[in-house]
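Let me begin by presenting the structure, written as structure tokens, before commenting on it.
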Amino acid sequence: MSDSPAAATAQSTLPPAAVDLDDIVVLGLPLWGWQIALAAAGVIALIFLARTIWTPTTRSLRAWALGNIAVNAGIAVTGATVRVTESGLGCSEWPRCTPDSFVPVNTGHAAFNAAVEFGNRTLTFLVMAVGVITLIAVLRSIPRRRDLTLLAAIIPAGVLGQAVLGGITVWTDLHPAAVSSHFLLSMVMVFITVALYVRIREPEGKPRVTVNPLLHALSVGLVVVGFLLLIAGTVVTGTGPHGGDAMAPRWDLNLEIITPVHSGLAWLTLVAAAVAAVLAFRTGAARPVRVASVSLVGLVIMQGVIGYTQYALALPESLVVLHVLGSALTWIAIARLYFSTTRLEAPDEAVTDLPAEHDGARTPAGPAPGQ
Ligand code: HEM
């Protein structure tokens with residue numbers, strides 16, 4: 001590796017920073033106006049789906065849970081875009097954008113950077129809306145389930161937590177500990193949303209291991225190693241050139257030492273995922289277990305290829321964003337594998353299969369066959 005990532009700090013192609021400080025105007029409206037309009041349109045579109053909120057079915061609840069997985073993973077990727085375009089301080093205040101305004105006017109930063117940072121902030125409303133709608137839908141289910149209510153309540157609470165962490169990130173001038181916590185909390189939220197997605201189809205009760213005990217143990221180990229892998233990745237990022245702003249503080253670590261720690265954990269994840277996949281097929285585990293384990297192997301290999309390539313190419317911005325997307329997908333696969341190795345069982349086992357479609361009356365969210 002001739003070209004070290006540290007060298008990329010100097011080479012990093014800055015977007016049109018300090019070039020264009022005026023608002024970007026599209027069809028007579030500042031770009032931030034379009035961004036607010038787009039977020040508001042998204043929230044209104046979601047409210048139009050109110051029927052599925054008010055009269056939830058197992059299928060509609062699963063769709064909302066899937067939406068939560070998508071928006072929580074998605075905002076982590078758009079957050080990475082803020083970082084690599086050096087737009088982290090495009091809005092220098094929080095919750096206001098500047099000391100005088102909630103929208104990006106006279107930010108003192110390039111209009112491009114302000115637009116990227118402000119766009120990411122407006123997306124938070126969408127993430128919150130999907131979370132709140134899901135909570136309402138879960139509360140409307142008959143019978144109302146305590147376990148699902150708890151999971152669904154954590155999601156909007158997590159978005160509020162993210163808003164606070166986002167503020168701390170700005171107030172600390174993008175300290176890597178704050179940036180890293182912001183990303184890692186997103187991954188915790190993704191884990192909760194996957195739990196909700198899987199458990200909606202099961203009855204309320206205690207989890208029972210439904211696979212070979214070694215396979216279940218491996219799935220638990222993968223959650224631990226996978227999260228350590230994510231943490232190590234954020235340390236590499238906090239040491240490397242993509243801090244979110246040219247002046248952002250950095251960890252005083254050696255990239256050539258910390259990167260192999262991160263990639264070593266990736267190799268460990270790959271080995272564990274491969275063993276899990278072999279065990280899943282050999283022991284005749286259910287389809288979701290087989291699909292999750294094989295997807296995980298594929299995703300870790302893809303992440304490895306992107307990881308080594310971006311390191312060798314001195315961290316080009318597009319590959320870094322792709323690596324973050326891959327991280328979110330890998331983490332979803334780890335969570336899916338973990339939750340598919342157990343199944344909730346009703347204490348009395350008097351479980352009836354419920355219609356997947358709404359028939360005009362409120363139907364309970366409950367177990368469906370062949371999960
Ligand atoms: C499953 C495998 C992997 C996962 C889940 C993963 C995950 C991550 C995460 C979460 C980050 C931090 C992103 C951020 O803070 O925004 C990161 C950064 C990084 N990863 Fe990986 N990684 C994997 C494999 C690898 C491998 C094999 C390499 C090879 C060297 C690698 C190289 C890097 C580098 C250089 C960065 C810093 C990029 C930057 O400057 O932002 N990764 N990774």
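The values are calculated or read from the model by the stated rules, or taken from the named source; none is laboratory data. If you're wondering where the values come from, they're calculated on a predicted model, not measured in any experiment. As a convention, Cβ positions derive from the backbone with ideal geometry for all residues, glycine included, and neighbour counts pool all protein chains shown.
Just give me the residues in region 236-260 being under 20 Å from Leu319 (Cβ atoms), surrounded by fewer than 20 Cβ atoms within 10 Å (Cβ to Cβ) and without any contact (Cβ under 8 Å) to a residue 60 or more places away in the chain, in sequence order. Within region 236-260, Ile258, Pro260 meet the criteria. The residues listed here are Val225, Val188, Val194; of these, the one that is within 16 Å of the ligand (Cβ to nearest atom), under 23 Å from Leu279 (Cα atoms), of a type in the set (A, V, I, L, M, F, W, C) and surrounded by fewer than 23 Cβ atoms within 10 Å (Cβ to Cβ) is Val225.
Consider Glu117 carefully, then state whether it is among the acidic types (Asp, Glu), in a helix (DSSP H, G or I) and farther than 17 Å from Met189 by Cα. So Glu117 passes the test. Selection of first residues in region 54-79 that are within 14 Å of Leu139 (Cα to Cα) and of second residues that are of a type outside the set (A, V, I, L, M) and crowded, with 22+ Cβ neighbours inside 10 Å, restricted to Cβ pairs under 6 Å at least 6 apart or on distinct chains, gives the following pairs, ordered by first then second residue: Pro56/Ser141; Trp64/Thr134; Ala65/Tyr197.
The set of residues from region 63-91 being of a type outside the set (Val, Ile, Thr), assigned to a helix (DSSP H, G or I) and surrounded by 19 or more Cβ atoms within 10 Å (Cβ to Cβ) comprises Trp64, Ala65, Gly67, Asn68, Asn72, Ala73, Ala76, Gly79, Ala80, Arg83.
Here's the yes/no breakdown for (1) at pLDDT 95 or above; (2) of a type in the set (Val, Ile, Thr); (3) more than 15 Å from the ligand (Cβ to nearest atom):
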{"position": "Pro241", "(1), (2), (3)": "no, no, no"}
{"position": "Leu265", "(1), (2), (3)": "yes, no, no"}
{"position": "Leu268", "(1), (2), (3)": "yes, no, no"}
{"position": "Val271", "(1), (2), (3)": "yes, yes, no"}
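Pairing residues of region 307-331 that are not assigned by TED's automatic domain parsing to the domain that holds Leu270 with residues that are more than 6 Å from the ligand (Cβ to nearest atom) and not small (Gly, Ala, Ser), at Cβ distances under 9 Å and at least 6 apart in sequence or on separate chains, gives no pairs at all. Determine, yes or no, whether Arg199 is of a type in the set (Lys, Arg), under 29 Å from Leu229 (Cβ atoms) and either over 23 Å from the mean Cα position of the chain (by Cα) or in the same structural domain as Ile69 (by TED's automatic domain parsing) (or both). So Arg199 fits the description; yes.
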